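The values are calculated or read from the model by the stated rules, or taken from the named source; none is laboratory data. As the structure is a computational prediction, the values presented were derived from the model and not from experiment. Don't worry about glycine lacking a Cβ; one is built from the backbone with ideal geometry, like all the others, and counts go over all protein chains shown.
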Amino acid sequence: MALSGKVKTSLDETRTLMLGAQILLGFQFNGAFRPRFDALPPSAKLADVVALVLMLAAVSLLIAPSAFHRIVDRGESTGRTQTVTSACAALALVPFATALGLDLSIALSRALQSSAGGILAGAGFALVSASAWFGTGWIMKTYYGGKERRKAEAEREARETAPLHSRIEQMLTEARVILPGAQALFGFQLAIVLTEAFEKLSPVPRLLHGFALLCVALSVALLITPASIHRIVWAGEDSESFLRIGGRIAIAALVPLAIGMAADCYVVLSHMLGAWVPAAVAAALVLLSVLSLWFAWPFIELSRQSSRTRRIEPAQPYQIGGR
């Protein structure tokens, strides 16, 4: 398979993970505003807080390869992008499995009317999930993946200028990777304004939620824009201009999404914990971490790449007369 096809496949796999993550992310944000949340024991509330932070980490990791591919490799198919995508997807499974176990323990504790039973069931399911995702893979890699793994490692520095159609497919896939996370957050934002718990919030969280709602709505609109302009402006035809503009729009959509995630993280955590200071600290850390993962890391890597390229380029010979 060509390198461009491998990059597209890895992005599709990340998209599959995101479709599962959006369900848990939506639950984490909505759970705190359900009528029976206040009746949960403190341990269950703490588990919900931890699960929320873990799912934010998982979603951020799943989105990171798309930003890296656009910023560092400018949409070109490289072995480095494939390696980064695989690493981020694998790392995202760790908080994903843990949050899944925590959420199941909360739900099953209510269903079974037994905290111990719920905790055991949730922990067992998290262990089974991690074993299926990692243990089985490591065992099978020994028997089936040796040759393919060596080939992938040899292609880490490979670079391929894929056909224009393939690069446009990759860009649209990256937008589809990001969109489910934004949709899950947007659905939560619209739903909670109709709950009684939201009516009891102080003015600051309510205004912050309104600001976050606008940010995520902008992000969703931007993520839909490339597909829209592809039909309206270019009638679905391949174009370098569309690839460049669409890629920039998809990356621009990450800025309001990061702000919306952090702002609503404050709203939810302040409601869960009943204190604004730890919620503000957590929201600031979320914003800093997400912006570092989606923008700072790729731009630092891009700067390093540019420095290496300048060192490798041979010096131009001096010519008499300055020509």
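Of the residues in region 221-238, at least one is closer than 24 Å to Phe68 by Cβ, more than 22 Å from the chain's Cα centre (by Cα) and outside any helix (DSSP H, G or I).
Each row is one residue, and each column tells you yes or no for (1) modelled with pLDDT of 85 or more; (2) buried (at least 19 other Cβ atoms within 10 Å of the Cβ); (3) touching a Ser or Thr at 6+ places or on another chain (Cβ under 7 Å); (4) farther than 26 Å from Pro41 by Cα.
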| site | (1), (2), (3), (4) |
| --- | --- |
| Leu100 | yes, yes, yes, no |
| Ser109 | yes, yes, yes, no |
| Leu112 | no, no, no, no |
| Gly124 | yes, no, no, no |
| Ser131 | yes, no, no, yes |
| Trp138 | no, no, no, yes |
| Lys141 | no, no, no, yes |
| Glu148 | no, no, no, yes |
| Lys151 | no, no, no, yes |
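Here's the yes/no breakdown for (1) acidic (Asp, Glu); (2) crowded, with 23+ Cβ neighbours inside 10 Å; (3) touching a helix residue (DSSP H, G or I) at 6+ places or on another chain (Cβ under 8 Å); (4) over 17 Å from Phe29 (Cβ atoms):
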site	(1), (2), (3), (4)
Gly187	no, no, yes, no
Ala212	no, yes, yes, no
Ala221	no, no, no, yes
His230	no, no, yes, yes
Ala252	no, no, yes, yes
Leu269	no, yes, yes, no
Ala280	no, no, yes, yes
Ala284	no, no, yes, yes
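Number of residues in region 67-102 that are farther than 26 Å from Ala132 by Cα and not in a strand (DSSP E or B) equals 12.
When we screen Asp12, Asp38 for residues that are modelled with pLDDT under 90, among the acidic types (Asp, Glu) and closer than 21 Å to Ala279 by Cα, the only hit is Asp38. Evaluate the following for Ala175: is it loosely packed, with under 15 Cβ neighbours inside 10 Å, in contact (Cβ under 8 Å) with a residue 12 or more places away in the chain and assigned to a helix (DSSP H, G or I)? No: the conditions fail for Ala175. Take the conditions (1) out of contact with any Pro (no Cβ under 7 Å at 6 or more places or on another chain); (2) of a type in the set (Ser, Thr, Tyr); (3) crowded, with 22+ Cβ neighbours inside 10 Å; Ser86 misses just one of them, which is (3). Applying the selection to region 1-37, what residues are part of a helix (DSSP H, G or I) and closer than 15 Å to Leu269 by Cβ? Matches in region 1-37: Leu25, Gln28, Phe29, Asn30, Gly31, Phe37.
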